[in-house]
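Written out below as structure tokens is the structure these notes cover.
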Amino acid sequence: MKINGTHYRSLWWNHENNVLEIIDQRWLPHELRIQQIARLQDLATAIVEMRVRGAPLIGATAAYGMALAMAEDPSDANLDAAWAYLEKTRPTAINLRWALDRCRRALQPLAETDRAEAALTLAHEIADEDVEVNRRIGENGLALIREIAARKPAGEPTRLLTHCNAGWIATVDWGTATSPMYQAHDEGIALHVWVDETRPRNQGALTAWELGSHGVPHTYITDNAGGHMMQHGLVDMVLIGTDRTTRQGDVCNKIGSYLKALAARDNDIPFYVALPSSTIDWTVSNGVAEIPIEERDVRETTHVQGKTEAGAIESVQLTPDDTPGGNPAFDVTPNRLVTGLITERGICPATPEGLSDMFPELARGV
Ligand code: MRU
């Protein structure tokens, strides 16, 4: 998507210097800093520290990690070592393992001498595919927004509520939940997006930055405001992304998503989740019981980073010294609370049949 008139992806390969370039998201929305990555270790750090983040982007980044690893040492041992090293960088987003498995499956049968080039070609392929898949998710979600917009009184915008950042910087381009928003806005549908701040990392600020850059009207609200908005008829649809969706349609996403689903159900508001098929974990059924939830550093809850009036980016402490904190980064919304899943192939019910009818070949693969 565009920032100040220039089209960006969230990562790209610099062919001149043979390095990966990423947008270092730790500095957004205040500064656009680009980082060059030439070593596997630095790429792993970028994932762990959330310089790159969002399930699909984590997957694409990991594919480039395999390419960097193969350029250093294309042996069988290093192929397995790089897989294992990258796999432990973040535990919840399944796109990471999806991309690593795909790379290992493709590279293993090749001669060692062919692996470096093949790995880089495959990483480009995974990144390009992600762009196209998200564009299609946008088309499918757009149909839904058109229907809602058609039922609205003239002049009233369609009001969406989103949580976290399932935007273009969480993917290679377009985003998942934001792709239908961008496409609806581009088509001239009047939208208004309520953007949850998404404590503790405040990814809502990233979403606000994205939507603002694209001219989509939005309002940044506290995490606790959504239920109130829904009770007062101010939300037509909740639309979020996901880090891992189970074969029965349970949806794991950023902490707080479950509470939005409960409030949406209590107020008869449709709750949709946008996802590429690479986010489905076909090996897992019951998300609450089976998905590992990342526990992050409590400092993310006790401190907050922002821009001072003088323009410096600083972190400040919110709590008394040594206050104990807990920081589960994701939660699971059971499928019964999900109205539908917006995928690259179409919209399906969040049920085992809904998903296996939509992706029969993937469902059979287990
Ligand atoms: O911890 P993050 O910022 O990586 O979490 C991101 C999310 O929870 C997104 O909603 C999810 O990855 C979908 S991204 C298209």
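The values are calculated or read from the model by the stated rules, or taken from the named source; none is laboratory data. No experiment lies behind these values; they were computed from the predicted model shown. Neighbour counts are summed over all protein chains in view; Cβ atoms, including those assigned to glycine, are modelled from backbone coordinates with ideal geometry.
Testing residue 221 on (1) within 16 Å of the ligand (Cβ to nearest atom); (2) closer than 30 Å to residue 5 by Cα, one condition comes back false. Which one is that?
With (1) within 16 Å of the ligand (Cβ to nearest atom); (2) closer than 30 Å to residue 5 by Cα applied to residue 221, the lone miss is (1).
Out of 149, 190, 184, 205, report the one residue that is touching a strand residue (DSSP E or B) at 6+ places or on another chain (Cβ under 8 Å), within 16 Å of the ligand (Cβ to nearest atom) and touching a residue at least 40 places away in the same chain (Cβ under 8 Å).
Answer to the check: 205.
Here is a list of conditions, (1) crowded, with 18+ Cβ neighbours inside 10 Å; (2) among the small types (Gly, Ala, Ser); (3) in contact with a Leu (Cβ under 9 Å, 6 or more places away or on another chain), and residue 227 meets all of them except one; can you say which number that is?
The failed condition is (1).
How many residues are among the basic types (Lys, Arg) and either surrounded by 15 or more Cβ atoms within 10 Å (Cβ to Cβ) or touching a Pro at 6+ places or on another chain (Cβ under 8 Å) (or both) when one looks only at the stretch 347-365?
0
Among 104, 135, which is the only one that is out of contact with any Gly (no Cβ under 8 Å at 6 or more places or on another chain), more than 15 Å from residue 13 (Cα to Cα) and within 15 Å of the ligand (Cβ to nearest atom)?
Only one candidate passes the filter, namely 135.
Surrounded by 13 or more Cβ atoms within 10 Å (Cβ to Cβ) and either within 16 Å of the ligand (Cβ to nearest atom) or in a helix (DSSP H, G or I) (or both), is that true of residue 116?
When the stated conditions are applied, residue 116 passes them.
Out of contact with any Gly (no Cβ under 9 Å at 6 or more places or on another chain), more than 16 Å from the ligand (Cβ to nearest atom) and closer than 17 Å to residue 92 by Cβ, is that true of residue 327?
When the stated conditions are applied, residue 327 does not pass them.
Condition (residue is within 16 Å of the ligand (Cβ to nearest atom) and at pLDDT 95 or above) applied to the stretch 307-323: is it met by at least one residue?
The answer is no, given that none of the residues of the stretch 307-323 is within 16 Å of the ligand (Cβ to nearest atom) and at pLDDT 95 or above.
State all residues of the stretch 227-248 that are within 16 Å of the ligand (Cβ to nearest atom) and touching a Gly at 6+ places or on another chain (Cβ under 9 Å); if no residue qualifies, say none.
238, 239, 241, 243, 244, 245, 246
Could you run through the stretch 181-203 and say how many residues are part of a helix (DSSP H, G or I) and either farther than 18 Å from residue 243 by Cα or in contact with a Phe, Trp or Tyr (Cβ under 6 Å, 6 or more places away or on another chain) (or both)?
Of the residues in the stretch 181-203, 7 are part of a helix (DSSP H, G or I) and either farther than 18 Å from residue 243 by Cα or in contact with a Phe, Trp or Tyr (Cβ under 6 Å, 6 or more places away or on another chain) (or both).
Return yes when residue 130 is among the charged types (D, E, K, R) and more than 14 Å from the ligand (Cβ to nearest atom) and no when it is not.
Spelling it out, it is not the case that residue 130 is among the charged types (D, E, K, R) and more than 14 Å from the ligand (Cβ to nearest atom).
Please determine, by comparing only the residues of the stretch 300-346 that are of a type in the set (Lys, Arg) and either closer than 30 Å to residue 281 by Cα or in contact with a Leu (Cβ under 7 Å, 6 or more places away or on another chain) (or both), which one is surrounded by the most Cβ atoms within 10 Å (Cβ to Cβ).
The extreme case among them is 345.
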